[in-house]
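Note sheet for the following structure.
The values are calculated or read from the model by the stated rules, or taken from the named source; none is laboratory data. What you are looking at is a predicted structure, and each value in this text was computed from that prediction instead of being measured. Because the Cβ atoms are built from the backbone with ideal geometry, glycine has one as well, and the counts that use them run over all protein chains shown.
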Amino acid sequence: MPQIFHRSLNSVFRACFVGSALMVVGLFWCLWVFYFSPYVTRQHQARIQPVPFSHAHHVGQLGIDCRYCHTSVEESSFAGIPPSETCMNCHQQVWFGSEMLEPVRASFERGDVIAWKRIHNLPDFVYFNHSIHVAKGIGCVSCHGRVDKMPLMEQAHSLSMEWCLDCHRSPGRHLRPESEVVSMIWTPSESTNPENGDPYDGKSLGERLFQEYEISSSNSLTSCSTCHR
Amino acid sequence: MRSPIRSLRERLPSSAGNMFWRAPEDIGKSINSTQGNDAEFTSGIETWEEGISRRRFLELAGAGLALSGASGCSPRPAPSEEIIPYVKMPEEIIPGRPQFYATAHVHQEMALGILVESHEGRPTKIEGNPDHPASLGGTDIFAQAAILDLYDPDRSKTVLHHGQISTWGAVHSSLRSALQAELELEGAAGKGLCLLVGEIRSPTLHAQLRKLKQRFPMMRIYQHVVGNRENVKRGAELAFGKMLETYHDLTEATLVVSFGDDFLCESPTRCRESQTFMAARRDAIDQDGSSMSRLYVIEQMLSCTGAKADHRIALPNTQIDSFARMVAKELGMPAPDATVSLPALSRTAKVIAKDLLRCRGRSVVKAGPDQSASVHALTQAMNAYLENTNRTVFHMSPFWDGRLKLDSNLGSLVNEIRNGSVETMIIIGTNPGYSAPADIDFIAALKSQGTRRSDLLCFHMGAYFDETAELCDWHLPQSHFLESWSDAIAFDGTATITQPLIEPLYDSRSDHELITFLTGFQEEMSRETVRHHWREWWESHELSGTFDEFWDRSVQTGTVDGTRRTTVNVEVIADWWRSLDGARPSEEGVVISFALDPTIGDGAFANNAWLQELPKPVTRITWDAPALLSPRLAERLGLTVEVGSKGGDHGEAVVDCVELSYRGRAMVVPAWIAPGHADNSVTLWLGHGRTSAGRVGNGSGFNAYQLRRSEAPWTDQGLIVRKVDRQHIVASVQMQNRMNESRPIRTAAINSFGLDSGVAKTQSQNSELLTVLQPEELLSLKSDRPLEGSSPTLYPEYDYGPPNHRWGMAIDLTSCIGCQACVIACQAENNIPVVGKSEVIRGREMHWIRVDRYFSSSLDDPQTHFQPVPCMQCENAPCELVCPVHATVHSSDGLNDMVYNRCVGTRYCSNNCPFKVRRFNFFEYSDYKTESRRLGRNPDVTVRTRGVMEKCTYCVQRIREGVINAKVGHRDIKDGEILTACQQACPTRAIQFGDLNNHESVVVRWKNSSRNYSLLEELDVRPRTTYLAELRNPNPELTGGRDDGHR
């Protein structure tokens, strides 16, 4: 019986074998990239809110402290979204007639609620606690990014488990002095080392604060039940 | 395998296998012989949930495919989630942090102070109020489960008129016209008006009823309460010649004799009495054991209290009176002659009397509310004779104003209705349509020719559209106690102003609001009514400060200062005993006794799925109510029982049915052979067989009210029992989750324990007395097994050094009374679903903590042991090794974490768990659909879906919260700051949890005790949950010198 395939096709078959293996790997790589892409994680996607509240204006230009509105950030798992009353503290005098603020005024007068779109949305089996992060010197900016530059709120990081663990494995480089937790622009070099008077670099300050705050071992911080219950 | 009782009995003395057996069928089987058919899961996983046909399955599968194309593929987080902040935030609320409010739960006419956890306005969990005298921090199953009733989707939601939706406005106009007509009857206002009420526990409501009665002087108020305390009251009247309230203080009591009183689990003061009784016992053991109290229980059905007794005498309820008279005579006090002669018990009576005289002034004699008034009179007189008054027994004047007469004779109400002398009837919070005795045909009275009577206008107020509501013209939804203001009083008169936690979920009103309208045709919020009542009280008591201060303090603390009654001194009247009934009861037939169901009471909790699925203490039956009878009676009748023996079917018990004929009525019910039940008697549980309870409660068990008669509501002679050729499947968990442990319980008698080591004998593992832990063994446990576990291991050791924590738990089996408050508390805290009877039969119940019950010694008079079993959080956890996806892993503080979102449902972990504490979601048991159920979930715990394994986590959400709070506050965690849900609920404080690194903690002290042991020690899995051996204090005179803790 004559051969169906000519000997010259051998190299084509070899190329096909290798090629299909590469394709499978490539497919998984594509899925991986897609899964962590900003499209899926909704990173950097501003959303339309009932009131176009600008953190860039309130934080960046006016310099209002985060905790003026997010009152429970130091004592609760939930940082707190300000009640309409808090907005009206200023806006009963400033921009009182503004059309943009109509929903806030309506809410305050009539008691209607304002339904804000949630930006930082963790899965329901994740239990994140703001108070412990703030108490241990994690800056707001570390997770929420430069909100002072966001006209509309957006998610600065992927919020994937990989991203959480990245810090939980070695929290040192994200630690800052308690007084600088809410600062948007602080860098380690702004703090000076009391031992020699030199400005800190990120690593040495992190090491010092890690000791000072008595932060748990990475073994403890990466235990499943630290976040999942 | 179907085994006749006789062969079981024969197996008993020679049994070299399980000395601790869970069911009669278990007797004599050796541990290893069961292994072959002891697979945990049923072999046929294809067993579908009831009601899913092949066609339905294909429909669902098809729909599932279609939907998965539409939405299932997106890994993106849901874009639509919203955050809705307050408009004006209440000052005291910190979003994300729960709040606790004091209020009270009322059961059996007495208040239990509670603290209710509220998450942003949603009550989710109930805890005991440590400052309340009835709670002392503990709770019971009914208080724990009350939260589920609040969110019950079957609750009545709107006003109904002849079954059609109506409004409160229409109710009010109908009431107004009916009552206006009554008022116009000069001098006879209320002649045609009848009120039928349930439990009255609120002073405000009582005062309101008095006011209503003034407005309608001819009105009759009837009261229908199944578990009433009539006999208690009549007994006090017989002994003292007047109405009195009595309570007992067990703190100093060294001897308790209970005539049919299940005071540890069933009485309204159970939380307080079980706690004080067990705390005193623990203190005594900690000292040298010589002052440990002793408990004698004389009862028919084996109860929790009977299970904890040092000596239990099983007697039919009809003979308990005679035995009490025998004891009284032996005490040397004047007492009537026994009506039944009990020669076999004369020595026992002598010994008990001798013991009572020895403990003069430090003893308590108790009687159960279902015992006759004569027994109550006898116990009151005995307590007085033994000089217990004002030492352990306290009397108070009656709580309620005697001017308001509540007639508890339902029969005369039915006669009135039949005569036509009732034109308007208002029924509030009681359900005679279901629970009226069989000889009072309440249903027929309200009907003429099969329909509602047209000459009677009937209103019904209740939380459910129940059997009674169906008979009435109007049905008015009643608010849950967490939705309305009211007040209630505890056993010693301490009042609690009960505050609501949430606005009424539906269009309901409280009973206060209805009575206010009846009195003045005006609507008033119940808060105003209650405030008004207490303002009057406050003014009459001339307290310091303003009323608002008084009100705020009372509401906040959960008790009203100054309401505790002062005790009164009373004397037993001369010749009290002559008035006691001396009639000799007939001895024909078998004794029939009725008892409130241990979990669903008189039927009021029938629609509470937590309570229905909670295994009844002692019998371990769920979702059912067979007739309980003794092994000897079962033997005579030729009854058998067959327990499913294939893997996963251990919940199935096929039992024979019997026909009960009693005073012209007959009923066929399944029979349950209950070891320890008094011979020649049958106990029936009330509360089952409902037809309009709701989706959960309908159809469970059999309605025992159909045999109950008004003249003998609790017990009577003359029952005829006959075996019929029918079988019934009972779901009992007693054979489920068996561990291959030959000595799960270690028990000893206090007088042989550790005090005199010369008494101790070394017992080999196979000897007959292997059940009994000898002092040497107890002591050796400690040296063998230090906290760390020192046996060599190939696995790398974990590092738990400070500042890390090392959580551990110890459970004291001496203190555990088997009440299972821990089980319901765990269910509420951890969002644990219920599965239903058919799934329980397949061994798929989901409770994370179970309270195993073991029997030992004889079949007819067994010793009973309780053992709560949560996850042991093993150090060398077998489950962790076999999980292919790392869904169960060791945490840095020693917990076996369960990661639901990783679990793929292989169930290897559960197969490999020697303690059988893992639970698998075979179906989507969690209710994701019902809106109201979602409100009640604990937001700190994931709701698990189908295909996921779950288990006890030591309430890891509470641990993490406690640790975070301590760290944020820059302080160390105090011992007792973090409580697991089971620990917090436990009325006897039998569960201790804490950090083993903290050497000051109670749990470390317990674990260092010589009583400490762990289950399945030979496996070296190093459980973190260990047990303290059970000690009893039997009377050497009754054990015949055998100091082994057995009778």
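Rundown of residues vs (1) surrounded by 24 or more Cβ atoms within 10 Å (Cβ to Cβ); (2) more than 18 Å from the chain's Cα centre (by Cα); (3) not in a loop (DSSP other than H, G, I, E, B), yes/no style:
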| site | (1), (2), (3) |
| --- | --- |
| B:ILE221 | no, yes, yes |
| B:VAL225 | no, yes, no |
| B:LEU238 | no, yes, yes |
| B:GLU252 | no, yes, no |
| B:VAL257 | yes, yes, yes |
| B:PHE263 | yes, no, no |
| B:CYS271 | yes, no, yes |
| B:SER274 | yes, no, yes |
| B:ARG281 | yes, yes, yes |
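Please find, among B:GLY947, B:GLY962, B:GLY994, B:GLY976, the residue that is touching an Asp or Glu at 6+ places or on another chain (Cβ under 7 Å), not basic (Lys, Arg) and not in a helix (DSSP H, G or I).
Going through B:GLY947, B:GLY962, B:GLY994, B:GLY976 in turn, just one is touching an Asp or Glu at 6+ places or on another chain (Cβ under 7 Å), not basic (Lys, Arg) and not in a helix (DSSP H, G or I): B:GLY994.
Which is modelled with pLDDT under 90 and more than 33 Å from the chain's Cα centre (by Cα), of B:GLY450, B:GLY402? Talk me through it step by step, then tell me what you get.
On the way: B:GLY402 fails: more than 33 Å from the chain's Cα centre (by Cα).
From the options B:GLY450, B:GLY402, the qualifying one is B:GLY450.
With the requirement that a residue be within 14 Å of chain A (Cβ to nearest Cβ) and surrounded by fewer than 19 Cβ atoms within 10 Å (Cβ to Cβ), what does the range B:916-936 give you?
B:TYR928, B:ARG934
Please enumerate the residues belonging to the range B:546-589 that are part of a loop (DSSP other than H, G, I, E, B) and under 19 Å from B:ALA490 (Cα atoms). Let's see the steps before the verdict.
Start the filter on the range B:546-589 by keeping residues that are part of a loop (DSSP other than H, G, I, E, B), which leaves B:546, B:558-575, B:580-589.
B:GLY558, B:THR559, B:VAL560, B:ASP561, B:GLY562, B:THR563, B:ARG564, B:ARG565, B:THR566, B:THR567, B:VAL568, listed by residue number.
Given the options B:VAL654, B:VAL696, name the one that is in contact with an Asp or Glu (Cβ under 8 Å, 6 or more places away or on another chain) and either outside any loop (DSSP other than H, G, I, E, B) or surrounded by fewer than 22 Cβ atoms within 10 Å (Cβ to Cβ) (or both).
Of the residues listed, the single one that is in contact with an Asp or Glu (Cβ under 8 Å, 6 or more places away or on another chain) and either outside any loop (DSSP other than H, G, I, E, B) or surrounded by fewer than 22 Cβ atoms within 10 Å (Cβ to Cβ) (or both) is B:VAL654.
Under the condition of being in contact with a helix residue (DSSP H, G or I) (Cβ under 7 Å, 6 or more places away or on another chain) and not in a loop (DSSP other than H, G, I, E, B), which residue from the range B:797-811 is farthest from B:CYS986 (Cα to Cα)?
For the range B:797-811, the residue satisfying everything is B:TRP807.
State all residues of the range B:884-895 that are within 16 Å of B:ASN804 (Cβ to Cβ) and more than 9 Å from chain A (Cβ to nearest Cβ); if no residue qualifies, say none.
Hit for the range B:884-895 is B:GLY894, nothing else.
Which pairs do you get when a residue that is closer than 23 Å to A:GLU207 by Cα, found in the range A:153-175, comes within reach of a residue that is of a type in the set (Gly, Ala, Ser) and surrounded by fewer than 17 Cβ atoms within 10 Å (Cβ to Cβ), reach meaning Cβ atoms under 6 angstrom, with the pair 6+ apart or on two chains?
A:ARG169/A:SER218; A:ARG173/A:GLY202
Among the residues that make up the range B:953-967, is at least one of them within 14 Å of chain A (Cβ to nearest Cβ) and under 15 Å from B:ARG844 (Cα atoms)?
From the range B:953-967, those within 14 Å of chain A (Cβ to nearest Cβ) are B:953-967; that's our starting set.
After this cut, where a residue has to be under 15 Å from B:ARG844 (Cα atoms) as well, the list is none.
No, the range B:953-967 has no match at all.
Among (1) over 26 Å from A:MET161 (Cβ atoms); (2) modelled with pLDDT of 90 or more; (3) more than 14 Å from chain B (Cβ to nearest Cβ), where does A:SER8 come up short?
Result: A:SER8 fails condition (2) only.
Please work out if B:VAL941 is touching a residue at least 12 places away in the same chain (Cβ under 8 Å), buried (at least 18 other Cβ atoms within 10 Å of the Cβ) and touching a Leu at 6+ places or on another chain (Cβ under 7 Å). Before you say what the answer is, go through the steps one by one.
Numbers: touching a residue at least 12 places away in the same chain (Cβ under 8 Å): yes; buried (at least 18 other Cβ atoms within 10 Å of the Cβ): yes; touching a Leu at 6+ places or on another chain (Cβ under 7 Å): no.
When the stated conditions are applied, B:VAL941 does not pass them.
For the range A:38-55, enumerate the residues that are within 13 Å of another protein chain (Cβ to nearest Cβ), outside any loop (DSSP other than H, G, I, E, B) and not aromatic (Phe, Trp, Tyr). First the steps, then the outcome.
In the first step, residues of the range A:38-55 are kept if they are within 13 Å of another protein chain (Cβ to nearest Cβ); the result is A:38-43, A:45-51, A:53.
Remaining after also requiring outside any loop (DSSP other than H, G, I, E, B): A:38-41, A:43.
Correct list: A:PRO38, A:VAL40, A:THR41, A:GLN43.
Here are some conditions: (1) among the hydrophobic types (A, V, I, L, M, F, W, C); (2) more than 23 Å from B:SER7 (Cβ to Cβ); (3) over 22 Å from the mean Cα position of the chain (by Cα); (4) assigned to a loop (DSSP other than H, G, I, E, B). B:VAL669 meets all but one. Which one does it not meet?
Every condition holds for B:VAL669 apart from (4).
What residue, among those in the range A:107-150 that are within 8 Å of chain B (Cβ to nearest Cβ) and basic (Lys, Arg), is farthest from A:PRO188 (Cα to Cα)?
The extreme case among them is A:LYS117.
Does B:LEU378 count as closer than 30 Å to B:ASP441 by Cα, of a type outside the set (Asp, Glu) and part of a helix (DSSP H, G or I)?
Working: closer than 30 Å to B:ASP441 by Cα: no; of a type outside the set (Asp, Glu): yes; part of a helix (DSSP H, G or I): yes.
No; evaluated as a whole, the condition is false for this residue.
Name the strands (runs of 3 or more DSSP E) wholly within the range B:426-496 that hold at least 1 residues that are within 30 Å of B:VAL393 (Cα to Cα) and in contact with a Leu (Cβ under 9 Å, 6 or more places away or on another chain)?
B:486-489
Search the range B:873-898 for residues being hydrophobic (A, V, I, L, M, F, W, C) and touching a Ser or Thr at 6+ places or on another chain (Cβ under 7 Å), and hand back the single one that is surrounded by the fewest Cβ atoms within 10 Å (Cβ to Cβ). Don't jump to the end; show me each part of the working.
First, pick out the residues of the range B:873-898 that are hydrophobic (A, V, I, L, M, F, W, C): B:874, B:877, B:879, B:881-883, B:885, B:887, B:889, B:895, B:898.
Cutting the leftovers down to touching a Ser or Thr at 6+ places or on another chain (Cβ under 7 Å) gives us B:879, B:895, B:898.
On the way: B:CYS879: 26, B:LEU895: 24, B:MET898: 28.
Taking the candidates together, the pick is B:LEU895.
Need a quick list: helices (runs of 4 or more DSSP H) entirely within the range A:56-163 having at least 2 residues that are surrounded by 17 or more Cβ atoms within 10 Å (Cβ to Cβ) and within 22 Å of the chain's Cα centre (by Cα).
Details: elements: A:66-69, A:84-91, A:102-110, A:130-135, A:140-144.
By residue number, A:66-69, A:130-135, A:140-144.
Take B:CYS913 and decide whether it is in a loop (DSSP other than H, G, I, E, B), surrounded by 21 or more Cβ atoms within 10 Å (Cβ to Cβ), free of Cβ contacts under 8 Å to residues at least 60 places away in the same chain and of a type in the set (A, V, I, L, M, F, W, C). Show your work before the answer.
Numbers: in a loop (DSSP other than H, G, I, E, B): yes; surrounded by 21 or more Cβ atoms within 10 Å (Cβ to Cβ): yes; free of Cβ contacts under 8 Å to residues at least 60 places away in the same chain: yes; of a type in the set (A, V, I, L, M, F, W, C): yes.
It is true that B:CYS913 is in a loop (DSSP other than H, G, I, E, B), surrounded by 21 or more Cβ atoms within 10 Å (Cβ to Cβ), free of Cβ contacts under 8 Å to residues at least 60 places away in the same chain and of a type in the set (A, V, I, L, M, F, W, C).
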